[in-house]
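What follows draws every value from the coordinates through simple rules; no lab data is involved. Remember, predicted model here, so these are calculated numbers, not experimental data. As a convention, Cβ positions derive from the backbone with ideal geometry for all residues, glycine included, and neighbour counts pool all protein chains shown.
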Amino acid sequence: MEISEEGRDFLSKVLVFDPSKRLDVKEALQHPWLRLSNQPTAGEQLGCIENLRQYHKRWKNWVSHQINKIIFDLYLLRIHII
């Protein structure tokens, strides 16, 4: 795996055993590797949100299907038990 120079610099400064020599949170967030300019654009963020919505919709459908399947199986068991 390739890591950029800025990435290596960041890791070398946060993965320090001695806390007094390690970057604190504020310093780490100011590091060039984590600059806000590298955030996704609004369009990319909306794409991520839409992906989450689609995943949630599929998950709800799957859960609903599983619950219905369990209820039906229990109903069939009840018929056979009686």
Karplus ³J(HN,Hα) for region 56-61 (6.51 cos²θ - 1.76 cosθ + 1.60, θ = phi - 60°; Hz, whole; x = Gly/Pro) runs 4, 4, 5, 5, 4, 5
What does the extension gain come out to for VAL14 and PHE72, with contour length at 0.36 nm per residue minus their alpha carbon separation? 15.4 nm
Treat the count of other C-beta atoms within 10 Å as a stand-in for reagent exposure and order HIS65, HIS31 from fewest to most. HIS65, HIS31
